[in-house]
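Throughout, read-outs are computed from the coordinates displayed, never taken from laboratory work. Predicted model only: the values in this text are computed from it and were never measured. Note: ideal-geometry Cβ built from the backbone for every residue, glycine included; neighbour counts use all protein chains shown.
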Amino acid sequence: MLQENRDQAAIHKQDTGEFMTERLQWEEEKASLLQENRDQAAIHKQDTGEFMTKRLQWEEEKATLLQENRDSCVAQLNQKEEVDNFAAVLRNAEQHFKGFEEWREEMSSLIRAVEELKQMLQKKEQESVSKDFLAVKTQLEDLQRKVNEKKRNKWYRFCGTLFTPRRAE
């Protein structure tokens, strides 16, 4: 029995030694895993910090780009409004210019008509003066002829018997 006890004690010692060896290996493995876990946690923390920094930079860049986009849209809308206003002013000016052109053409036409009427009136006055002159001249000639005839008649009458005009019988 002693031998058995010794054998069991040796087995127990051997088992305890193996257990201690395994426990030491486990402790080393545990320490290694804990260190690896700490390293990975540090890397994760660093990566998370970098990610958060990049995310914040991206958010700022996104906000800046959105603001630039809004500003660009507002500027384009303002520019479009200015172009529309300019186009409206231009159309209005064109209409006024067309109205002015029509007025100018009407005035030119009226001025030409007035000039033509003046020329026609002057021509008619000249014709009228010529006709009146001819009529007056004719009347004057008739009157002169009558005066001449009357003078002869009167002269013959005064002289009466001396000179008697012969009558055609």
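Would you indicate which of (i) 228, 26, 10; (ii) 72, 28, 26; (iii) 79, 35, 27 is the value of Cα extents along the principal axes in Å derived from the coordinates of this structure? Only one option fits the structure, namely (i). Looking at L134, S108, A75, which one has the Cα that reaches farthest to the positive end of the dipole of the chain (charges on Cβ: Lys, Arg +1; Asp, Glu -1)? Toward the positive end, the furthest listed residue is L134. Using Cβ point charges alone (K and R +1, D and E -1), the dipole size of the chain about the Cα centre works out to roughly 4840 debye. For region 76-153 versus region 43-70, the spacing of their alpha-carbon centroids is 84 Å. Both numbers refer to the Cα atoms of region 89-151; Rg and Dmax are 26.3, 89 Å.
Could you work out the local net charge near A87, counting Lys and Arg as +1, Asp and Glu as -1, over the other residues with Cβ closer than 12 Å to its Cβ? Net charge in that neighbourhood comes out at -2. Here is the tail figure for region 1-79: Cα pairs spaced more than 14 Å apart come to 78 percent of all pairs. Here the ratio of the Cα radius of gyration of region 71-120 to 2.2 N^0.38 Å is 2.18. Calculated mean residue ellipticity, 222 nm, the chain: -36500 deg cm²/dmol, from DSSP H runs (n ≥ 4) at -39500 (n - 2.57) each, averaged per residue and rounded to 500.
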